[in-house]
There are 2 protein chains.
Amino acid sequence: MGETGGPATIKAFEERLLEVSEDLPKRLRQCADYVAANKDRIAVSTVAEMAEGAGVQPSAFMRFCQILGFSGFSEMQRLFRDSYVGGWPDYSTRLHHLREKAEGSPSALLAEFVEAGRASLENLLKTIEPQTIEQAVQALAGAHMIHIIGLRRSFPVASYMAYAFEKMDVPAMLHSAVGRLDNRNAIRSGDVLLAITFSPYSSETIELVESVRERGIPVVALTDTIVSPLRKFDAIALSVSEVDFGAFRSLSATLCLAIALSVAVGTRRSG
Amino acid sequence: MGETGGPATIKAFEERLLEVSEDLPKRLRQCADYVAANKDRIAVSTVAEMAEGAGVQPSAFMRFCQILGFSGFSEMQRLFRDSYVGGWPDYSTRLHHLREKAEGSPSALLAEFVEAGRASLENLLKTIEPQTIEQAVQALAGAHMIHIIGLRRSFPVASYMAYAFEKMDVPAMLHSAVGRLDNRNAIRSGDVLLAITFSPYSSETIELVESVRERGIPVVALTDTIVSPLRKFDAIALSVSEVDFGAFRSLSATLCLAIALSVAVGTRRSG
DNA sequence: TCAATAATAGACTATAAATTCCATTTTTTC
DNA sequence: GAAAAAATGGAATTTATAGTCTATTATTGA
């Protein structure tokens with residue numbers, strides 16, 4: 001195994017990866033993406049594992065290693081094994097460390113939000129009732145068109161769901177109130193409204209829900225707490241309580257629920 | 001490969017090591033001493049290497065592993081490898097399988113996303129470098145105006161940051177490409193561009209970054225992995241790797257970083 | 001010192017992993 | 001739209017590595 005001209009340092013490796021990954025055929029690009037996102041795995045995985053992770057055949061992964069300039073996987077792995085600095089402290093130690101260190105520093109802040117996010121996620125699983133999601137999925141999957149509304153702090157959630165539905169060929173429309181245009185007449189019988197709102201609840205959203213319910217159109221709501229004003233309108237309500245830190249919340253749990261709901265609806269429709 | 005009763009955690013391993021190493025014959029004691037001092041090497045070494053390090057024969061090292069309660073070296077190594085890649089057991093493939101089977105009630109799907117979100121958050125803490133966030137905060141806090149761009153899947157993140165900045169009275173402008181309006185001339189000297197993009201990278205974002213960098217305006221980037229095209233443009237890049245489900249990710253980690261960054265900038269400015 | 005016991009080294013075998021090769025499919029080019 | 005080139009998947013092959021077995025050496029106690 002003589003020296004082949006592969007990258008000799010992690011830095012050189014990264015540069016080479018960047019340089020090479022410009023135009024790469026499909027499978028090899030998958031390798032590049034997976035490797036970029038999981039560099040740390042190289043040292044402790046087999047080709048087969050890496051290949052599976054990247055969603056390709058082991059032979060494809062081998063070719064990828066060679067394109068990078070190595071003689072094969074083993075040589076590439078050696079680079080990572082040699083520069084491996086293991087013994088990272090575990091999550092809770094790191095968290096503690098970050099929190100203590102320079103209170104108010106950006107990374108201490110990050111640690112707080114990460115912790116809040118984790119707590120929220122845990123809580124989400126505990127509080128969500130399977131049958132309620134099931135109802136929501138059923139309603140949304142049967143809709144001609146899904147109308148999504150969510151303003152201010154809920155707008156990110158609304159826009160992400162709109163994106164997800166679009167990707168899965170589910171007919172959906174985002175009511176974004178751009179230019180104060182009101183599209184409520186686009187909501188027709190057979191459609192469903194998906195309303196997302198958190199305290200303080202936007203009046204626009206509440207109003208839309210109210211007017212739509214009067215016309216007998218089903219509403220699925222993503223909201224917080226059980227006292228949400230949306231409860232009055234007999235909607236299928238999924239409530240998420242997000243742990244907040246300061247005035248802001250990380251939205252981790254909300255988005256998790258949102259994306260799970262979207263994917264469930266998407267697969268239900270095509271299935 | 002049946003379950004052998006070896007230590008199941010690093011902690012248990014350490015206890016067992018301590019307990020055992022009281023009275024051990026010469027060679028086995030060498031093993032114990034070497035392992036105690038080089039626990040991190042176990043994950044990336046072969047028996048032969050470990051044995052050489054300890055100054056014993058491979059077979060002696062094997063016996064040592066068995067005394068610790070493992071079936072052999074491989075089993076002991078697995079403990080260290082698994083704990084290194086930390087609760088991130090091949091989510092991409094797990095979720096992939098889940099989708100293929102289209103099996104999975106909505107709540108099972110939710111559980112998967114929650115689990116993926118949790119792992120992503122842990123990983124975020126592990127990979128983010130405090131000094132890079134610090135740089136980003138500094139750049140953003142010193143800007144006259146923060147211009148935010150993030151399209152498609154990144155749009156939720158962009159819009160949430162715009163919302164957060166607004167709430168904290170930080171001058172910020174969201175470039176949303178509504179109506180294909182191009183606002184690039186609004187970006188002036190003294191401003192900073194905050195670009196958010198994830199694979200597949202929107203060409204609009206890349207182009208904007210490129211044109212802005214040519215004018216010498218600083219760019220802070222929120223992106224995934226090191227192969228992101230934004231790397232080329234010498235931006236302050238914060239990379240988050242998030243587990244995805246086909247085209248979707250729960251964005252938990254990304255939003256956590258985004259909100260932490262926003263709040264840090266907000267307090268830095270008013271402080 | 002001698003027997004009995006335990007420990008060790010080194011060779012041997014089984015196994016798992018890396019790597020290569022080629023038929024098949026996909027993409028490009030004319 | 002056909003021919004050429006490139007990319008891919010999967011099986012076959014080779015190599016490296018873990019794990020086992022046994023003869024030899026050290027250690028202990030009488």
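The values are calculated or read from the model by the stated rules, or taken from the named source; none is laboratory data. Just so we're clear, the structure is a prediction, and the values are computed from it rather than from any experiment. When we count neighbours, we look across all protein chains shown, and the Cβ atoms used for this are built from the backbone with ideal geometry, even at glycine. To get the accessible areas, we keep the full protein, side chains included, count just its heavy atoms, and leave off ligands, DNA and RNA. Shrake-Rupley method; radii C 1.70, N 1.55, O 1.52, S 1.80 Å.
Can you say whether A:L109 is of a type in the set (A, V, I, L, M), facing another protein chain (nearest Cβ under 9 Å) and open to solvent by 10 Å² or more (accessible area, probe 1.4 Å), as far as the supplied structure shows? Spelling it out, A:L109 is indeed of a type in the set (A, V, I, L, M), facing another protein chain (nearest Cβ under 9 Å) and open to solvent by 10 Å² or more (accessible area, probe 1.4 Å). Taking the stretch A:11-29 as the search range and keeping residues that are open to solvent by 40 Å² or more (accessible area, probe 1.4 Å) and at the interface with chain B (Cβ under 10 Å from one of its Cβ atoms), which one is farthest from DNA strand C (Cβ to nearest atom)? In this case the residue turns out to be A:E15.
The sole residue among A:A195, A:A221, A:A258 that is modelled with pLDDT of 95 or more, closer than 17 Å to A:R153 by Cα and within 14 Å of chain B (Cβ to nearest Cβ) is A:A258. Taking the listed residues A:R231, A:R213, A:R188, the one that is in a helix (DSSP H, G or I) and either in contact with a Pro (Cβ under 6 Å, 6 or more places away or on another chain) or surrounded by fewer than 15 Cβ atoms within 10 Å (Cβ to Cβ) (or both) is A:R231, with no other qualifying. Within the span defined as the stretch A:163-182, every residue fails to be of a type in the set (S, T, N, Q) and part of a helix (DSSP H, G or I). Here is the figure for the stretch A:69-93: residues that are over 15 Å from A:T9 (Cα atoms), within 9 Å of DNA strand C (Cβ to nearest atom) and not small (G, A, S) total 1. The condition of being assigned by TED's automatic domain parsing to the domain that holds A:A186, part of a helix (DSSP H, G or I) and open to solvent by 20 Å² or more (accessible area, probe 1.4 Å) holds for only one of A:E75, A:E134, that being A:E134. The C-beta contact set for the stretch A:125-141 (first residue at the interface with chain B (Cβ under 7 Å from one of its Cβ atoms), second residue of a type in the set (A, V, I, L, M) and open to solvent by less than 20 Å² (accessible area, probe 1.4 Å), distance under 6 angstrom, 6+ apart or interchain) comprises A:L125/B:V114; A:V137/A:A264; A:V137/A:V265.
When the criteria are applied in full, A:T223 meets the requirement of being out of contact with any Asp or Glu (no Cβ under 9 Å at 6 or more places or on another chain), in the same structural domain as A:P171 (by TED's automatic domain parsing), of a type outside the set (F, W, Y) and open to solvent by less than 10 Å² (accessible area, probe 1.4 Å).
Residues in the stretch B:49-68 that are part of a loop (DSSP other than H, G, I, E, B) and open to solvent by 20 Å² or more (accessible area, probe 1.4 Å) were compared, and the one that is farthest from DNA strand C (Cβ to nearest atom) is B:G55. Evaluation of B:C31 against the conditions (1) under 28 Å from A:S74 (Cβ atoms); (2) at pLDDT 90 or above; (3) within 32 Å of the chain's Cα centre (by Cα) shows that the sole unmet condition is (3).
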